[in-house]
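Shown next, in structure tokens, is the structure this report addresses.
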Amino acid sequence: ANVFCSQVLATDSIVEYLANNYVFWAWDVTSASNRTRLFETVRRCVGNQCVHRVGSIENDTF
């Protein structure tokens, strides 16, 4: 996993693409209230379809 991050995700072209096309933020989903808040934020900003997709991700794989 660290090799992927350091050798793929950290390349200049990937960093530039992500910076120009996506918004990323860290989120602690280990507590139920934080997970609920994340879902509410995603629903408000991008819709229910994305909430279902995010909701299917296990806490340990975030």
Among residues of the range 22-35, those that are more than 17 Å from residue 61 (Cα to Cα) and at pLDDT 85 or above, counted: 1
Filtered residues of the range 15-62 (kept if exposed (fewer than 12 other Cβ atoms within 10 Å of the Cβ), hydroxyl-bearing (Ser, Thr, Tyr) and out of contact with any helix residue (DSSP H, G or I) (no Cβ under 9 Å at 6 or more places or on another chain)): 17, 22, 31, 33, 36, 56, 61
Restricting to helices (runs of 4 or more DSSP H) lying wholly in the chain: which have 3 or more residues that are on the phi > 0 side of the Ramachandran plot? none
Under the condition of being surrounded by 10 or more Cβ atoms within 10 Å (Cβ to Cβ) and of a type in the set (A, V, I, L, M), which residue from the range 1-14 is modelled with the lowest pLDDT? 9
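The values are calculated or read from the model by the stated rules, or taken from the named source; none is laboratory data. Quantities reported herein were computed from a predicted structural model and do not represent experimental measurements. FYI the Cβ positions are ideal-geometry reconstructions off the backbone, even for glycines, and counts take in every protein chain you see.
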